[in-house]
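I have placed the structure first, in the form of structure tokens, so that the comments after it can refer back to it.
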Amino acid sequence: MTNDNKTPNDNDMTYVSSLEPEAKPPPALEAGVLKWIRENLFNSVGNAILTVLGALLVFYTVVNVSGWTIQEGNWLAITANLRQYMVGSFAPQNMWRIQVLTLFSITVMGMAVAVWIKQIARTMIVTMVAIVLALVLLPIVTKSLIELPNFYMLAGQGAVQTGSAIETPIPQVAFIGQADEEITIRFADALVESEATLANLVGYSSIPANTLRNAARNRLALIAERDVLQAELDANAESIRDRGIPTLTDAQIEAHTMAIEGVEIPDAIIETYQVNSISVLVTIVNVATGEVLSEPFLLESADDVATFTLPADGWYILEKVDVNAVMPEVVETTDETEASTPEVNTQDIRNVSTISPTAQSTAAEETVNVGGSVAILEVQGIYPVRLSNVSGDDGFTQVYSRATDFFDEIVVEANPVPRDESNTPLPFVVLTSNQYRGERSFGDFLRAYVTPFFDRIKVNTTIFFVFGLLGYGAVILMENNDNRKRASQLTTYGLISIPALMWIFVTGFQITTAVAIGGVIALGLQCLALYRMGQRNGWRGWRPNSGSTDGDMLVVIAIIVSYLALIMMMERINGGGWAGSIVRLGFIPLILSAAFGSSLNTADSADGISGSAVLMPFWVAGLIIIAIFFSGVGVQDPNNDWLFSQSNPDNWSGLLLTMMLTVYGIIIAFPIGIGLALGRRSDLPLIKYLCTAYIELIRGSPFITVLFFMKLLIPLIRPEFSNVPNGYRAIIATIAFSAAYMAENVRGGLQSLPPGQNEAAKALGLSAWQATLLITLPQALRAVIPALVGQFISLFKDTSLVTIIALVDLTGVVNSMSVQPEFVGTRLEGLVFISILYFVISYVLSYISRLLEASGSGATRRLT
Amino acid sequence: MVAQEQETRLGENAVIECINMNKWYGEFHVLKDIDLEVKEREVVVVIGPSGSGKSTLIRCINRLEEHQEGDIIVDGIRLTNDVRNISAVRRETGMVFQQFNLFPHLTVIDNITLAQRHVRHRPKAEAEEIAFSLLERVGIPEQAHKYPGQLSGGQQQRVAIARALAMQPKIMLFDEPTSALDPEMIKEVLDVMKELAVSGMTMIVVTHEMNFAREVADRVIFMDEGYIVEVGTPEHFFTNPQHDRTKLFLSQIL
């Protein structure tokens, strides 16, 4: 850096640098993050203002939303209803179908990534591993670091009151415990240090405990109200004394004074109930064996800690009895204990904790003296129990599970019954009444809400990712063995078969269904074989004796199978009435003429009709078969066979319904849309105007209208249509709706092509059909991939409208979840959850579409 | 002497005949009373100012445009609305466009084999053999598996010529094949066309390349405002034009 060797000379213009300047880093403001920030965020005054405002807005939103997420949102509702969100009321004995289908789809998707968009594989694998690690590790970490929130219960003879609500501590309560779990019970002395600590109770609490908390809160609120009024009066008095100006009018002073006099501040809650001044005997009984765990503990002060270790999973009864009231009897028998709480026995177990106010007050008049001593117990190891209905082979069964950890792992089917075998169900720690109260800490949020959710999804998610990786690895393996073409063929077949499998797996198997689908496939093979033969024989017609025999045998077999399938389908559809006769009248001549007529026709005028003319009738026949097959599935066999039981489309719900609507809404609408687009560009006026009218009519009506049309008007057109289940009607509406938009997208693609393409195809002698199928359509479709994916995504979200025709899609699940007694008012949580679900799926789709456009699998992008 | 040579080189029969042919775009009369006869192996160059109807004329010959009056007979087939006649004519007529019009979603080899397989119904192997020999002939066999977007303009136009030749047409129509090319690429395309002319292909070439017309053409046709103004051999045309309009045009471009 020194210039010592340089000899500056004013007269001499020559200059020789003997030292090479050292390379320096650029100035701090000209490199890295700082440079980016300076150039992009603060390069002008306006931009700087926007940056600051934007940052403030983001900060404000994030702080508030995350505050709600952590402190208030009841995410237990999502965890508990996860199954509803995913498959709704799909029959549990058929769940294996969904699982198999999902695993298959995920494997194929892994293969597709490996074949077509390898560049994101690395990112995806890293993301997947990160997600799995988070799902597995976070529960382990939180479980070892953070205790589950405390449970606060009330014991004692007295009843507690706030407002008109009077609650009596329940001496016996059942809970579900886990083997080796330790339960500790002590007086919650920290909580009753002052009224403020009681009012700020955070954790699970029973209704009586919560009543005590509310009483404290109400009293504090009253005091605060009085203090405000008094402060205003004082300020007024001070102002008059100092400056002679009153700050309140006389009327206001009078009103304030009266209000202050009118406020009746109750005595301090802790004093009223002499909280924690009694002695409580706690016992835990194993319901299954009737054994009392260890010795009963007598809690007399905060130093006494009752500790129990549970021997097995299952129901336990916690008895907490005020020793002074009924000490002698309690340990020997519970009969008297129960007799002393008659309201418990007479109520249905689910209603125990929500005793109606009138019943409560009469009970209170007879047996309860408000203001007796109570103790508030801090319990660790006991958590609320969720009672859920699970539909099974023989209707609904009630299932109990813990609503915190081990959601699925500890499931008890029987009611908790007391040890005297009187078979009277005991009250248990029901989730409805024993909820988490107070503003949650972040730790409790992680431990009691995030951890159970992660625990619930971690196994499935890991299995999904493993299958995705298997698919990916299989393709990589094949490519390493120089089977690149084989790999991409397999993947294509896999992708194509997903919708077909989805239909079969979701609706259920049926012999006729299988044969009908086989028939359609056979028909396709027949087309293929005829086409191959035609190519080989130079379209000199169908001559069974010419050429090699395998292709000809294939044709014969395919024809036989497809006709058998047709006959069986007719049988099946015949039960449905009108559809069968159409098939009978229309199909045989259609198929016969298509099969023989067109091939002979081709032979006669080899230079007149081109190859695809042979295929057309088969395509048409195939489409008609599929259409009738779908509409003819009216007859449902309500048996419960594991393989052949049919699912009722009215029961499809949750993400399953959304996927059914979207996948079929797009896939079946695709050929229809292409047909409409070509029709709209047709030279034949009738076809042109019919297609235009259809497209404009549908595009001019909201999706809701189309749905209602299917729901309400279709049965008026033909009474038979009222048998079609709602699920199918929604799918048909979706197809009808998206076909119109698909048509416009495709037409846009067709119009974007230079006319020279079509001219070149014609000049080469290609027929109009060939030019469309081989030249214009492939280019047009590729050009509109972004629009098509956009349509797929918007349809995926639009399906949420089916809620209004009484179908329970994701939005419907939110509605039904937020009216469950345990989760009343959790609609916001549900909406947040499905928004995230919708977003993740949509984002992945649009990401893949971006990669597809830019990838080398097609060539349009290579053309400048 | 040259005329005699030509007589022996050219065939007896006219492969293209336009008889009193007229075409309108709506109210606009584009082609007026066109009478034209092209013999086998003849190379006809059509020149004229833009908008004179040159392109429309050759596009009528393979029915990319429809004429309203008069007759066009190609290889003995009269062009009518009958789809079979049209496709028969198109099978015997190859066309090369100003904008190449290669199919961008297909590789070069697929561009050349597509029509062979779907129109001529040749097996894939045979079609590819033909395609490779044609690529050899136009001098770019190494580009066979590239996409059109990866080739230069001159290479694309040579692929387009190979694509048309693969159908083994009797007639080749060239619609300003060099107009969209950079100057240094024009030569490579013209060389291919000269080679084609020498090999005896019947060609109608719409072009502004006067040197090509002088060297290769058997006959030069000058069109203006939708009618044929003057027809003649190249030496007649470039040394001794008769019509005032022709003289004006040549004086402007030469």
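The values are calculated or read from the model by the stated rules, or taken from the named source; none is laboratory data. Being a predicted model, the structure only gives us computed values, none of them experimental. Please note: Cβ atoms are built from the backbone with ideal geometry, for glycine as well, and neighbour counts cover all protein chains shown. All accessible areas refer to the heavy atoms of the entire protein, side chains included, with ligands and DNA or RNA removed. Shrake-Rupley method; radii C 1.70, N 1.55, O 1.52, S 1.80 Å.
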| When Lys and Arg each count +1 and Asp and Glu each count -1, what net charge do the other residues less than 14 Å away from residue B:223, Cβ to Cβ, add up to? | -1
| Which GluC sites (Glu not before Pro) in segment A:21-130 pass both tests, a DSSP loop state and at most 11 other beta-carbon atoms within 10 Å? | A:22
| message | Taking 0.36 nm per residue of sequence separation and subtracting the Cα-Cα distance, how much length would be gained by fully extending the chain between residue A:462 and residue A:130, in nm to one decimal? | response | 118.4 nm
| Convex hull volume per residue for segment B:82-151, taking Cα atoms only, in Å³ | 108
| Calculated over chain B: convex hull of Cα atoms, volume per residue (Å³) | 134
| Rg(Cα)/(2.2 N^0.38 Å) for segment A:728-794, N = residue count | 1.34
| remark: Note to self: Kirkwood Rh of segment A:136-209, Cα pairs, one decimal, Å, is 14.9
| field | residue A:840 versus residue A:71: modelled label distance in nm, points set 7 Å from Cα along the beta carbon direction | value | 2.8
| said: Just to confirm the number: angle between the C-alpha axis of helix B:124-138 and the first principal axis of chain B, 0 to 90 degrees, nearest 10? | reply: 50
| request: Distance from a point 7 Å along Cα→Cβ of residue A:486 to each backbone N in segment A:450-475: keep the residues under 13 Å and list them by number. | output: A:474-475
| task | Select from segment A:234-312 those chymotrypsin sites (Phe, Trp or Tyr not before Pro) which occupy a DSSP coil region and have at most 16 other Cβ atoms within 10 Å, ordered by residue number. | result | none
| note | The simple spin-label model distance between residue A:493 and residue A:164, using points 7 Å out along Cα→Cβ, in nm, is 7.3
| Ratio of Rg to Rh for segment A:17-159, alpha carbon only, Kirkwood? | 1.17
| How much FRET efficiency would the formula 1/(1 + (r/R0)^6) give for residue A:225 and residue A:63, where r is the Cβ-Cβ distance and R0 is 35 Å, rounded to 0.05? | 0.75
| query | How big, on average over all directions, is the shadow cast by the Cα convex hull of segment B:20-145, in nm²? | reply | 9.8
| Net +/- balance of residues flanking residue A:147 in space, Cβ distance below 10 Å, scoring K and R +1, D and E -1 | +1
| query | Separation between the residue B:198 and residue A:143 pseudo-spin-labels, each 7 Å from Cα along Cα→Cβ, expressed in nm? | reply | 8.6
| query | Hey, what angle do you get for helix B:108-118 against the long axis of chain B, alpha-carbon based, 0 to 90 degrees rounded to 10? | reply | 80
| task | Any chance you could get the radius of gyration and Dmax over the Cα atoms of segment A:154-306, in Å? | result | 22.8, 81
| query | Can you give the accessible area buried between chains A and B, summed over both chains, with a 1.4 Å probe, in Å² to the nearest 100? | reply | 2400
| Calculated P(r) of segment A:656-803 - Cα pairs past 20 Å, % | 52
| request: Using the structure shown, list the pairs from B:146/B:187; A:35/A:118; A:118/A:797; B:32/B:247; A:762/B:54; A:762/B:23 with a Cα-Cα distance above 26 Å, or answer none. | output: A:35/A:118; A:118/A:797
